[in-house]
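Let me begin by presenting the structure, written as structure tokens, before commenting on it.
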Amino acid sequence: MTRKLIILTDPGQDQAAAILMILGRRDAFDVLGLVATAGNIHLDHTINNCLKLMELAGRPDIPVFAGCPHPIIRPLVMAEHVHGPTGLDGPDLPPPSIKAEDKHGVDFIIDTIRAHPGEITICSLSPLTNLAMALRKAPDIAGEIVEIVAMLGAYFEVGNITPSAEFNCYVDPEAADIVLKSGIKTALLPLDVTHKMLSTPERLQAMRALGNRNGIATAEMLEFSEAFDLKKYGWEGAPLHGPCVPAFMLAPEIFVGRQINVSVELQGSLTAGMTVADWWQITDRPRNAFYVRDGDPVAYYDLLISALGNLP
Ligand code: RIB
């Protein structure tokens, strides 16, 4: 039984790896569309990057929709310092020959969930702006979403864009707050686990050794984006965030987590965007998320690399 997915994304090399991993597993995933988010880079670049990736994967049939050009309230914070001026620097990918759809990404989310009640999983790799806007515009869809699986947050591993906040949550904390209070079944893959999934030189070489254009391009993307994290953390490889989302859907058994309350700080001048994870269940706040704290990197990279090998 394949999972019907709507992918929310602001690629971003790590998210590109996640998207290609999903497209390499047609036995497990049926991608109904991508909603480009403003985040790592401006919306026009994230739209373009989504289109490039669909053509790279040989899937020009999958529609790409433009979401909102900035967060719900706050000014857009981007991460060109990690991802480069296009957001997908590394390989020399040709300009896309396909175009985004005319329909707005928020309306695509609403219309698609209404057309497939009880069937769709939201695969969120980005800030949650567009899902939050869809929930505000059409509250009825909350009861029709099977699950949200999102790369978002940090608690034991602290923040990456501020000392207390992870980037996807920090860009639009109000959106994350809306989603985490929606009552929708939610799994979070935070920095606590993505920082265990390091793209070592051996793992990048294994991607290249696939010999196909998608394996080589993924290695080139990650070899570009790793520079910032290798300098920052001094680890043997950069953390690979995005593919944790499809990996959790494919093999939840390789991850460790628990159902707890996760709340978002909105007021703090130093802590805005922090995900406060009640890991020891000290409060009586609703246990609104399955919070993943650990995972098996060997199994993770096996899943990723084998999926990339299924692509052109
Ligand atoms: O905090 C890491 C996440 O933020 C990654 O997915 C990266 O692409 C950015 O979106």
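Read-outs: derived from the displayed coordinates by stated rules, not from any lab. Just so you know, these numbers come straight off a predicted model, no measurement behind them. Using ideal geometry, Cβ is built from the backbone for each residue, glycine included, and neighbour counts are taken over all protein chains shown.
Taking label positions 7 Å along the Cα-Cβ direction at both ARG26 and HIS81, the computed distance is 4.2 nm, reported to one decimal. Only residues of region 157-175 count here: report those whose backbone N is under 11 Å from the spot 7 Å along Cα→Cβ of LEU270, or say none. Residues passing the 11 Å test: 163-164. The label-point distance for GLN259 and ASP294, in a model that sets each label 7 Å from Cα toward Cβ, rounds to 2.2 nm. Summing Cβ point charges (Lys, Arg +1; Asp, Glu -1) relative to the Cα centre of region 1-138 gives a dipole of roughly 420 debye. Taking amide H as placed 1.01 Å from N in the peptide plane, the amide H of VAL256 sits under 5 Å from that of ARG293, ASP294, GLY295, each at least 5 places away or on another chain.
Considering only ALA142, ALA227, ALA238, the Gaussian network model of the chain with Cα springs below 10 Å gives its largest mean-square fluctuation to ALA227.
Order by neighbour count: TYR301, TYR291, fewest other Cβ atoms within 10 Å first, most last.
Exposure proxy ranking, most exposed first: TYR301, TYR291.
Report relative contact order for the chain in percent, whole number only (criteria: Cα-Cα under 8 Å, sequence separation at least 6). Relative contact order comes out at 21 percent. The fewest-to-most ranking of LYS137, LYS4 by surrounding Cβ atoms within 10 Å reads LYS137, LYS4. Paramagnetic label reach from VAL158 (point 7 Å along Cα→Cβ; backbone nitrogen cut-off under 15 Å): within region 270-287, residues 270-272, 274-275.
Need one word for region 1-141: rounded, prolate or oblate. Basis is the Cα gyration tensor (sqrt eigenvalues a ≥ b ≥ c); a/c below 1.5 gives rounded, then a/b vs b/c decides.
Here region 1-141 falls in the oblate category.
Exposure proxy for ARG59, ARG203: other Cβ atoms within 10 Å of each Cβ, ordered fewest to most, give ARG59, ARG203.
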